[in-house]
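Visitor: Shown below is the structure under consideration.
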Amino acid sequence: MAELKKEMFSKNMIIIVISTVVILLVLGVGAFFFMKGRSPEGEKIEQPVHESATPTEKLYFDMSKPVIVDFPKGSVVKHGRISVSMLIEDAEITGVLKKNEPMILNNLLMLIGAQDSAVLNTGEGKEMLRKAILEDVNAILKKVAGKGEVEDIFFTSFVMQ
């Protein structure tokens, strides 16, 4: 009887060891194909295709000074301080923006100063101002450089007191 138990224990042990080896082998092969970028059938896993072969790098241009505005007497708000960043695709545009920053700051000062401060306190007012700044800066770029474009405008600081 002791010999029968020993024989059954031996057979069970062999089955467990073989099962473990088979499972580890299957997991190893699966991991190998997964890490290699192919499925077990040898087919390549499809990667998403980008529209352009050479994607352009997005750059940010931060105005060196914030635009500080005094609103007319009787306005809800007396002063405003707004910092602006611009999203551009071409590094050449950075030089044009930097070179013409005094003109851009002047235009932004006039543009923001002409706004109703009560409207600028709303989200819709800020969005309208953002679009107006985008149009104005792109008009300046077209005028001075004849090319280039700012893709988007971001307010990095918008304080009104």
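Computed from the coordinates by the stated procedures, all read-outs in this text should not be read as laboratory data. Quick caveat, the model's predicted, so the values are computed rather than measured. A quick note on method: Cβ atoms are made from the backbone with ideal geometry, for glycine too, and the neighbour counts reach across all protein chains shown.
Visitor: The range 120-161: which trypsin sites (Lys or Arg not before Pro) are DSSP loop and have at most 13 other beta-carbon atoms within 10 angstrom?
Guide: Sites meeting the loop and neighbour criteria: Lys147.
Visitor: Report the normalised scattering of the range 64-161 as log10 I(q)/I(0) at q = 0.14, 0.20, 0.22, 0.24 Å⁻¹, calculated by the Debye formula with identical scatterers on the alpha carbons.
Guide: Cα-only, vacuum Debye calculation for the range 64-161: -0.51, -0.96, -1.13, -1.30.
Visitor: Compute the length gained on full extension between Lys11 and Val159: take 0.36 nm times their separation in residues and subtract their Cα-Cα distance, giving the result in nm to one decimal.
Guide: 45.3 nm
Visitor: Let me ask something else. For the range 59-160, calculate the relative contact order in percent as a whole number, restricting contacts to Cα pairs under 8 Å that are 6 or more residues apart.
Guide: 38
Visitor: Where the centroid of each part is defined by its Cα atoms, how far is the range 65-118 from the range 125-161 in Å?
Guide: 8
Visitor: Could you tell me the calculated FRET efficiency between Glu149 and Leu24, based on Cβ-Cβ distance and R0 = 41 angstrom, to the nearest 0.05?
Guide: So, using R0 = 41 Å, E works out to roughly 0.10.
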